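In what follows, a structure is listed as structure tokens, so that the remarks can point back to it.
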Amino acid sequence: MRHENILDAVLCHAAEEIATGKVEANLGGCLFKKRLPRSEGGKRGGYRVVVGYRRPNTERIVFLYAFAKSDKANLSEREEAALSFVAESFVLASDKQVIELLAINSVWEVQCYE
């Protein structure tokens, strides 16, 4: 997400939508695809984001991969399988494991407040 310069506020809004079931595609298991707008436009020419999520845990929505629609049409089967594995690992990770990953900057946390 950082490579594509997607703002935290955009991710927070997307997380709210994901938690309520508003996703563009259920890729199976706990893997979903969500469209995000570019800062200068709407969702149509924006980004596609692959997210790991398992309901009802709204505190752990993992943004795994983002790509501009203009750069890539879709995920390959191999990419989807790899992302599915990673998503499942993050969703099932203990809080202690997540804290350890945050401590070594392997993942970043976005804090969303109303």
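Things worth noting here:
Matching residues to (1) surrounded by fewer than 17 Cβ atoms within 10 Å (Cβ to Cβ); (2) basic (Lys, Arg); (3) modelled with pLDDT under 90:
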| position | (1), (2), (3) |
| --- | --- |
| Val10 | no, no, yes |
| Lys34 | no, yes, no |
| Gly41 | yes, no, yes |
| Gly45 | yes, no, yes |
| Arg78 | yes, yes, no |
| Val110 | yes, no, yes |
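- Given (1) modelled with pLDDT of 90 or more; (2) farther than 17 Å from Cys112 by Cβ, number of the condition Cys30 does not satisfy: (1)
- Looking at Phe90, Phe67, just one residue is touching a residue at least 60 places away in the same chain (Cβ under 8 Å) and surrounded by 14 or more Cβ atoms within 10 Å (Cβ to Cβ), and that residue is Phe67.
- Count - residues of segment 47-61 that are closer than 16 Å to Cys12 by Cα and either free of Cβ contacts under 8 Å to residues at least 40 places away in the same chain or surrounded by fewer than 11 Cβ atoms within 10 Å (Cβ to Cβ) (or both): 8
- Qualifying residue in segment 92-104 (condition: touching a Cys at 6+ places or on another chain (Cβ under 7 Å) and at pLDDT 90 or above): no
- Subset of segment 57-94 that is assigned to a loop (DSSP other than H, G, I, E, B) and among the hydroxyl-bearing types (Ser, Thr, Tyr) - its residue that is nearest to Leu36 (Cα to Cα): Ser70
- Yes/no for Ala82 being within 12 Å of the chain's Cα centre (by Cα), among the aliphatic types (A, V, I, L, M) and modelled with pLDDT of 90 or more: no
- Residue in segment 65-78 that is touching a Cys at 6+ places or on another chain (Cβ under 6 Å), within 21 Å of Glu16 (Cα to Cα) and not aromatic (Phe, Trp, Tyr) present: no
- Evaluation of Gln97 against the conditions (1) part of a helix (DSSP H, G or I); (2) surrounded by fewer than 11 Cβ atoms within 10 Å (Cβ to Cβ); (3) not acidic (Asp, Glu) shows that the sole unmet condition is (2).
- Selection count where residues are in contact with a strand residue (DSSP E or B) (Cβ under 9 Å, 6 or more places away or on another chain) and not hydrophobic (A, V, I, L, M, F, W, C), scope segment 57-82: 7
The values are calculated or read from the model by the stated rules, or taken from the named source; none is laboratory data. Keep in mind that this is a model prediction, so the values were computed, not measured. Reconstructed Cβ throughout: ideal geometry from the backbone, glycine too, with neighbour counts over all protein chains shown.
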